[in-house]
Every structure is written in C-alpha cells, then in structure tokens.
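Shown next, in structure tokens, is the structure this report addresses.
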Amino acid sequence: MDTWALLKQLSEAPGVSGDEGAVRAILKEAIAPYVDEIRVDALGNLIAVQRATVEDPLRVMVEAHMDEVGLMVIRADKDGYLQFQKVGGIDDRILPAKAVRVGKDAIPGVIGIKPIHLLGSAERKKVLGVDDLRIDIGASSREEAERLVKRGDRAVFDTTFADLGPRVKGKAFDDRAGCTVLAALLAAGPYPVELHAVFAVQEEIGLRGARVAAYGIDPDLAIALEGTVADDLLKEKDESPTTELGKGPALTAMDRSVIVDPRLLRFLIQTAEQAGIPYQIKQPGVGGTDAGRIHLVREGVPSAVVAVPCRYIHGPVSLLDKQDMDWTIQLMEAALKRISPDVLAR
Amino acid sequence: MKDLIQKLVESWGPSGYEDRVRELIRAEIADVVDEWRVDALGNLIAVRKPIRPGGMRVMLAAHMDEIGVMATYVDEKGFIRFTNIGGVYPLNLRGGRVQFRDGRVGVINREEKAEGDPTLAQMFIDVGAASREDCPVRVGDPAVFLRDFVDLGPRLVAKALDDRVGCAILIEVMKQLQDTPHEVVGVFTVQEEVGLRGATTSAFGVEPDLALAIDVTATGDTPEARKRPMKLGAGPAIKVKDRGMLAHPKVKDRLIETAERLGIPYQLEVLELGSTDAASIQTSRAGVPTGCVSIPTRYLHSPSEMVDYEDVTNTVRLILGFLREPIDLG
Ligand SMILES: [Zn+2]
Ligand SMILES: [Zn+2]
C-alpha cells in the first residue's frame, strides 16, 4: 500500500462531520483486499474485520475518524452570498479570505472579506465571526446560488496536498493521518488478534460514531488513532509543546475525555522501547478523542490513544513529518503482533 | 472504623490509578462476600447473595478514586508543570505537597510574577531536581495530595475522605449485612472525579433493580459559607437532588422512613452544584431507580476534608436498615 498516495487522496477528499461518504468510498476500496468482512453501520461507520492468525484471539478495535471540521451552508442572501455555520471546532480568526469547495460538486468559493484599503483601524483589529462572513461562489442572486448549492451542503477548505520532502502538508490530517495508519495496518496484517478496524463518523461534533461502533463490536480493548496537536513553534516561556514533529508517535496518558488504561500505556511504551521506535507522551489534559466514548461502552473497554503529531490542525493546512507517520505504523504493527491477554492481567 | 478510614484515606489512588485502593478493599471484604470481580475499567464488584426471598438486586456504589494532578511538562531547570485530575482548585495547592506513585514528594508553588489568584498553568511542582535530566518524574506521571489523617475525636480530617469514607461505609455494610432479602452488589467504582466513568460501565454490567450511591456532600456550616442546608453532625444526608440527578422519590422516601423508624438523625440534601455516581447509574440501560446517601463534608477537594464520625456510623446504620426488608417501588 502506498501510504503517501492514500494520505493525499484522503486529505483532498471532502468529509465534514455527517457527510463522510467520499472518504469512506476511498477507504473501502483501499482496504477491501486485506479484510475478511466489511460493513457500514447505521451511522455510517466503516467497519472491517481481519481475522486472527490464532485461535481464541483478543478482539481489538482500532479506530480512526473519517470526518473533518468544516462549514455548513445555511442560506443564500438575495445577492447570492452564502451564509454558513461552523461544523466542529474552528477558530473564527482563520476563516476570512480562505478558498473553499462547497457541496458534492465541489463548487469553488472564497470566504469574502473587505480589502485592507477599505478598513478603518478599528475594523482591522476586529475578529470577524461566521455571522459577519459569507462564502462567495460567484453567484449574483439567490436563485443563481441555489441552483449550485443547497442548504445543508458542507464546505471544506480548498487545499492541495504537497510533498515537502521530509514532511507533507494538506488539509484534514486530523484524522486522515489516523485513517491512513489504520489502512496500512490492515495491509500489513493479519495479526494474532481479531482486528476490528473502525473508520468512524462524527468525531468532531461529539465523538458520536465511535460510540455506536464500539457498542456493536464489544471489543476486549481499543486503540484510537489520531492526528493530534503539535505546538512546537517558538514559545515565550519554557512550556509544553503538546507534541513535537519528528519525535515519534504521541501516546496519551490522559486527556479531557479519557484516562488511558495504565496497562495499555505501559505496554505501548515497552513495545516502542523494544522495537527502538521513538515516542513521546502527549501533554496530558489537552483535547479529547473517540477513546473517550469507546472506553465507556457497555461494561467498559480498556482504551489507549496513539497519534501522529500534526501542526495547524483544524485549519486549512496541516503539516506532519513523514517519519512520525512511518513510526506510528511501525509501533502499531509491533503492538498488534505482541499483544496478548496478559497485557490486561491485573 | 476509624482505623479502616485512616488506611483508606492514606492510600494512593488518583482517578484511573485506583489499583492500590482496590487491593486494600478487596483484602477487607474478600472473606465476607459470596463473589467478587474486577471489571474492564477496574471497578471492584462484590456480591452478597440474599438470605431470604422477596428482594431485588441492589447496587451500592462508592468511588475509590481521589482527585490529583498529572505532570504535563518538565522544564529545563527540572520544574514540573501539571494539570488537574478532577476538580482541583489552585487556591488549595500553593505550599502544598503531592506524592507520586513511587513515593516521591514534590512541593507546589506559583510563578511570582503572575498576578491575582493563580491558574494551574501558573503553578509548578518542585521535586528538588536540578535539571530536566535530573528530574525523576516523567510527563504523564500522576500524583495526589500528601497529608496525614487526623483524628479530632468526634471529627476526622484527611485528604480523600471524598470518597474513601464512602468506601469505608460500604465495606462495613458488606461486613455487617445480615438477614436481607436483597442481592446486595457493592461496587467500588473508579474514575468518579473525572466524570462518573466507572459507575457508567459497572451499572451496565450489574444491571441493578435499585441503586444507592454513597458519597460526600458540601456543607454550609463554616464562617460566611455559601448558603447550603447541610451541616456536620446532623446525620446522613438523604439526597433529594443535585445538578446531575433527582433521586427517585420512592427510594428517597424509603430512606427517610428507615431513618425515622430506627431513630437515626438525618438531613435532606439539595445540592446546587456537583453530582455523584448516582447520576450515571440512574440512566444506565433502561433506567434504574436510584438514590444517594451523602456524608456531609467540609473543605471538599482540599487536602484537609472534615467529616463527623457519628454521621459516618449513622450512615452505616441507615443503609443496613434500608436493606433489611423488601422494597416496594410501586
Ligand atoms: Zn481528530
Ligand atoms: Zn466524591
């Protein structure tokens, strides 16, 4: 499997929460040769099973979310501009003057803003929110706009993937990086565990897809794969970078949604150390992931989070280090080969 | 019971890392219960079978975890930045001491330049390390308050009385329980302080017909306190409501009748903030009639919480009395 070609394809596909069909179609095709069963559940999660190489295996759920943050069209103004809302966590400050693609026909548009020539000094300092902004798709009337776009259509940032040598840039690495890692894991299987691969929907609006997927699967343990915050630019104070590029997969000890099972955290650290794979512990207390819902399903599921550090997530362009992604795949492969019920012994 | 409470509060167990507390409790109750198990999240579930027919499956929950902190960063000079595990107030931390799992102790202080009440981000832990390389603490290491148990006679002071005092009460109930028609399932839960997480999964597993949480509640009996009806020494608090739940009226009434029948002092609890495991048990599966008995506690989530010992022993009596006869919720 060419992981970089897959990441490019996934990154450039639109997949705002609740509208993950394009991403799902790419993944379905990519993993089909490697899995024994494949299905799409009621909420749209893509769930594949890869049977184990042993009898009585652990049932391991490995999950990554397909959806990305984006925009939703609310209505067209009489002049043909589109009012919109945010879907998921987006900083208002990054919206103005961005190119976007709207709807399933990927209509090009731009989030309009007055040129600097016309701005007073007070106006220049003001942060414009979604209520002040419109998407301009070049229509000059409501009728013209509504021929191209319907209320409820999603819009994504119009970003081209690019290979920067040791690093790559593109949109939605949160969590297309995780999706790519998970697809690569299936391609490298099978393992001595029954692998339930879940490409989940609706993470960005409240961890919704993973919960129902986990309920359906009822696994012995789960690992969520993420593209997570790297905040490793220059700082005024000697403080945590959350994660750093080039230092290997980020393991979570605790975030706002989950306390990672200490047995699994220890196991992942040991696996990395034995295999000589660098790793880092993500700054505890920051963010939340699908593991936050998965671990509370039914009678509980011991859960962990492994992430590829990504700069600038939830913006138009994210950036990751190729080696971090390779190391993440290697760590997960090693973990799936090594894991046994002993890991869960108390 | 004071010895038991002391052992429990001096044990180390922030949310997610309750194994030592669990082992201590398991050792206390293993011989008096019919079965016990530890579930996937680490909840200790102990069962006492009914002595006679006519009862239901009653889940009693007390949480093993305590609030704490977790290292988020070690700076070049060896100072540790940290985040909260559960509801930690910066004002309760300055000058305090915390203890990591390996016993290592650190002191907490604040950035001097930061004005006003500090935020957690403006505080740090000093374990006496000279540099990052010299610092034995790693990012992700949890710690809890370090503070001795003090027996003031009628009142007890300690860290983590929330909710180890509830655990002590539940242990005593499991030990003293005689002659009940109910299958009593004592659940010592994990991760209450970070969002009632252990109770969510254990209630799903236990599938009780009725449940009671045993936890602490805030009081209004200190100088210039916020107005709250609860006070130390006036008996167990029978919960009417808090922010997360309304107690099942029949369960609440049954607790009141029991207290009155046995001559146990009690108070009714209406708490504006906060919640307990009862809130998540109540909405488990198709729903569970749920109540809560609270131990009034001063200075909650500080290193020196205070309870009245008679409130504690009366809570044991109240719950034992509650379990004695069949319960009609009709
Ligand atoms: Zn994500
Ligand atoms: Zn509590």
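Rundown of residues vs (1) at pLDDT 95 or above; (2) within 16 Å of ligand 1 (Cβ to nearest atom); (3) farther than 28 Å from A:Leu43 by Cβ; (4) outside the structural domain of A:Thr180 (by TED's automatic domain parsing), yes/no style:
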{"residue": "A:Pro219", "(1), (2), (3), (4)": "yes, no, no, no"}
{"residue": "A:Ala230", "(1), (2), (3), (4)": "yes, yes, yes, no"}
{"residue": "A:Gly248", "(1), (2), (3), (4)": "yes, no, yes, no"}
{"residue": "A:Thr252", "(1), (2), (3), (4)": "yes, yes, no, no"}
{"residue": "A:Val258", "(1), (2), (3), (4)": "yes, yes, no, no"}
{"residue": "A:Ile269", "(1), (2), (3), (4)": "yes, no, yes, no"}
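Go through the residues of region B:73-81 one by one and say whether even a single one is touching a residue at least 60 places away in the same chain (Cβ under 8 Å) and more than 22 Å from the chain's Cα centre (by Cα). Within region B:73-81 (the criterion being touching a residue at least 60 places away in the same chain (Cβ under 8 Å) and more than 22 Å from the chain's Cα centre (by Cα)), the answer is yes, since at least one residue qualifies.
Within region A:223-254, being in a loop (DSSP other than H, G, I, E, B) and charged (D, E, K, R) holds for A:Asp231, A:Asp232, A:Lys235, A:Glu236, A:Lys237, A:Asp238, A:Glu239, A:Glu244, A:Lys247. Of the candidates A:Ala183, A:Ala106, the single residue that is of a type outside the set (D, E, K, R) and out of contact with any helix residue (DSSP H, G or I) (no Cβ under 8 Å at 6 or more places or on another chain) is A:Ala106. The sole residue among A:Leu185, A:Leu164, A:Leu207 that is within 18 Å of the chain's Cα centre (by Cα) and away from ligand 1 (no atom under 16 Å from the Cβ) is A:Leu185. Kindly provide the set of residues from region B:39-74 that are under 22 Å from B:Ser294 (Cα atoms), charged (D, E, K, R) and more than 14 Å from chain A (Cβ to nearest Cβ), ordered by number. The one that is under 22 Å from B:Ser294 (Cα atoms), charged (D, E, K, R) and more than 14 Å from chain A (Cβ to nearest Cβ): B:Arg57.
Which members of region B:27-46 meet the condition of being touching a strand residue (DSSP E or B) at 6+ places or on another chain (Cβ under 8 Å), over 14 Å from B:Thr189 (Cα atoms) and hydrophobic (A, V, I, L, M, F, W, C)? B:Ile29, B:Ala30, B:Val32, B:Val33, listed by residue number. For A:Arg263, the stated conditions do not hold, so it cannot be described as within 11 Å of chain B (Cβ to nearest Cβ) and either within 18 Å of the chain's Cα centre (by Cα) or within 16 Å of ligand 1 (Cβ to nearest atom) (or both). For the criterion of being out of contact with any strand residue (DSSP E or B) (no Cβ under 7 Å at 6 or more places or on another chain), aliphatic (A, V, I, L, M), modelled with pLDDT of 95 or more and more than 16 Å from ligand 1 (Cβ to nearest atom), B:Ala61 fails. Taking region B:182-220 as the range and being of a type in the set (S, T, N, Q) and away from ligand 2 (no atom under 16 Å from the Cβ) as the test, only B:Thr201 passes.
Residue under question is A:Thr252, and the condition is that it be hydroxyl-bearing (Ser, Thr, Tyr) and within 12 Å of chain B (Cβ to nearest Cβ); does it hold? Criteria met by A:Thr252. Within the set A:Glu37, A:Glu63, the sole residue that is without any contact (Cβ under 8 Å) to a residue 60 or more places away in the chain, on the phi < 0 side of the Ramachandran plot and touching a strand residue (DSSP E or B) at 6+ places or on another chain (Cβ under 6 Å) turns out to be A:Glu37.
Just one of the listed residues (B:Asp151, B:Asp117, B:Asp134) is outside the structural domain of B:Ile319 (by TED's automatic domain parsing), under 21 Å from B:Leu91 (Cβ atoms) and surrounded by fewer than 17 Cβ atoms within 10 Å (Cβ to Cβ), and it is B:Asp117.
For region A:280-305, residues that are outside any helix (DSSP H, G or I), out of contact with any His (no Cβ under 8 Å at 6 or more places or on another chain) and within 14 Å of chain B (Cβ to nearest Cβ) total 17.
Among the residues of region B:119-136, those that are within 13 Å of B:Thr83 (Cα to Cα) and not hydroxyl-bearing (Ser, Thr, Tyr) comprise B:Leu120, B:Ala121, B:Gln122, B:Met123, B:Phe124, B:Ile125.
Residue-by-condition table, conditions (1) of a type outside the set (Ser, Thr, Tyr); (2) surrounded by fewer than 22 Cβ atoms within 10 Å (Cβ to Cβ):
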{"position": "A:Cys179", "(1), (2)": "yes, no"}
{"position": "A:Ala183", "(1), (2)": "yes, no"}
{"position": "A:Pro190", "(1), (2)": "yes, yes"}
{"position": "A:Val193", "(1), (2)": "yes, no"}
{"position": "A:His196", "(1), (2)": "yes, no"}
{"position": "A:Asp220", "(1), (2)": "yes, yes"}
{"position": "A:Thr228", "(1), (2)": "no, no"}
{"position": "A:Glu236", "(1), (2)": "yes, yes"}
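Please find, among B:Arg261, B:Arg254, B:Arg285, B:Arg226, the residue that is over 19 Å from B:Asp163 (Cα atoms), within 14 Å of chain A (Cβ to nearest Cβ), of a type in the set (Lys, Arg) and out of contact with any Lys or Arg (no Cβ under 6 Å at 6 or more places or on another chain). Matching residue, one of B:Arg261, B:Arg254, B:Arg285, B:Arg226: B:Arg285.
Can you confirm whether B:Trp12 is closer than 22 Å to B:Ser304 by Cα and either within 14 Å of chain A (Cβ to nearest Cβ) or touching a Leu at 6+ places or on another chain (Cβ under 9 Å) (or both)? So B:Trp12 fits the description; yes. Screening region B:84-97 for residues that are assigned to a strand (DSSP E or B) and farther than 17 Å from B:Asp117 by Cβ and picking the one that is farthest from the other protein chains (Cβ to nearest Cβ) gives B:Arg97.
The values are calculated or read from the model by the stated rules, or taken from the named source; none is laboratory data. Just so it is clear, the structure is predicted and the values come from calculations on it, not from any experiment. Reconstructed Cβ throughout: ideal geometry from the backbone, glycine too, with neighbour counts over all protein chains shown.
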